[in-house]
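One structure below.
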Amino acid sequence: MKIFAETERLILRELLPSDDKGMFELDSDKDVHKFLGNKPVENIQQSRDVIEFVRQQYIINGIGRWAVIEKKTNDFLGWAGLKLVKEETNNHSNFFDIGYRLIKKHWGKGFATESATASLDYGFKILQLETIYGAAESDHKASRKILEKIGLNYIETYDRETTPTDWFKITRQNCIDKKIYL
Ligand SMILES: CC(C)(COP(=O)(O)OP(=O)(O)OC[C@H]1O[C@@H](n2cnc3c(N)ncnc32)[C@H](O)[C@@H]1OP(=O)(O)O)[C@@H](O)C(=O)NCCC(=O)NCCS
């Protein structure tokens, strides 16, 4: 089992087939999907397929979202991390996106911020990326707040289908200027 990063409270490791129940708890919750523009899953096989899809990304792209595990309890909290987005989004393609999605009972404890910080650190230090992007629906206050807290800059608002979505970015030069991550 590969561990990619560790924080004070969390382990960020590869998603495993055995995370299927946790992933189903996560993705079957309609509240989790409120700002995601898609529908909750309906059966655990869909969650198994997602895990397999992400594990393929590790091999093909060298990166994919990670499982977020609480050290104290060993609980699966959800996922966070970087993804290589190949398809066009807001006129960009083949870019690295920072994301996070946690099971509802674990919201409000700073876990998304903690895991996203470690993900950016990995992106700039280990993967040596030049730029990382993030996007959140304009009404998604919690996600916008996280992106800003971890150092991304708001660039513009675009329509994801018909939903206003805010586009954020952080560059290696921003990190040098702010003395973060590098
Ligand atoms: C978005 C999500 C990851 C946040 O997880 P979390 O662990 O609760 O986030 P954190 O505790 O690290 O940080 C959230 C921040 O937003 C703030 N916040 C939360 N709800 C807010 C609201 N309605 N208005 C303003 N700020 C809000 C919190 O106070 C916190 O900021 P603070 O630390 O400065 O107080 C979680 O709600 C989730 O998984 N949602 C479903 C999936 C999703 O929407 N993912 C993001 C897609 S863009």
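Quick note: the coordinates plus some simple rules give every number you see, no bench work behind them. Predicted model only: the values in this text are computed from it and were never measured. Reconstructed Cβ throughout: ideal geometry from the backbone, glycine too, with neighbour counts over all protein chains shown.
Worth pointing out:
- A simple spin-label model places the labels of Thr163 and Leu36 1.0 nm from each other, with each point 7 Å out along Cα-to-Cβ.
- With a cut-off of 14 Å on the backbone N, the residues of the stretch 119-138 near the modelled label site 7 Å out from Thr7 along Cα-Cβ are 119-123.
- Dipole magnitude of the stretch 139-182, debye to nearest 20 (Cβ charges: Lys/Arg +1, Asp/Glu -1, about Cα centre): 360 debye
- In order along the stretch 128-140, the phi-based Karplus estimate (6.51 cos²θ - 1.76 cosθ + 1.60, θ = phi - 60°) of 3J(HN,Hα) comes to 6, 6, 8, 8, 10, 10, x, 9, 8, 3, 4, 7, 8 Hz; Gly and Pro are listed as x.
- Rounded FRET efficiency, nearest 0.05, which uses the C-beta distance separating Arg55 from Arg172 and R0 of 35 Å: 0.80
- Residue-wise HN-Hα coupling along the stretch 9-23, computed from phi with Karplus coefficients 6.51, -1.76, 1.60 (Hz; x: Gly, Pro): 10, 10, 10, 10, 10, 4, 6, 10, x, 6, 7, 4, 5, x, 5
- Förster-model FRET efficiency, 30 Å R0, Ser28 and Ser93, C-beta, rounded to 0.05: 0.50
- Dipole moment magnitude, nearest 20 debye, the chain about Cα centre, only Lys, Arg, Asp, Glu C-beta charged: 560 debye
- Using alpha carbons only: equivalent-ellipsoid semi-axes of the stretch 1-85, gyration tensor based, whole Å: 20, 16, 12
- Diagonalising the gyration tensor over the Cα atoms of the stretch 85-182 and scaling each eigenvalue by 5 before taking the square root yields semi-axes of 20, 18, 12 Å, largest first.
- The stretch 63-130: C-alpha gyration tensor shape, a/c 1.5 cut-off, then a/b vs b/c: prolate
- At most 15 other Cβ within 10 Å, DSSP loop - GluC sites (Glu not before Pro), the stretch 68-111: Glu87, Glu88
- For the chain, alpha-carbon Rg relative to the globular expectation (2.2 N^0.38 Å, N residues): 0.98
- Helix-only [θ]222 nm of the chain, DSSP H runs n ≥ 4, -39500 (n - 2.57) each, per residue, nearest 500: -9500 deg cm²/dmol
- Amide H within-cut-off set for Glu137, under 5 Å, with H built and near neighbours excluded: Asp166
- Alpha carbon centroid spacing (whole Å) that separates the stretch 153-182 from the stretch 4-48: 24 Å
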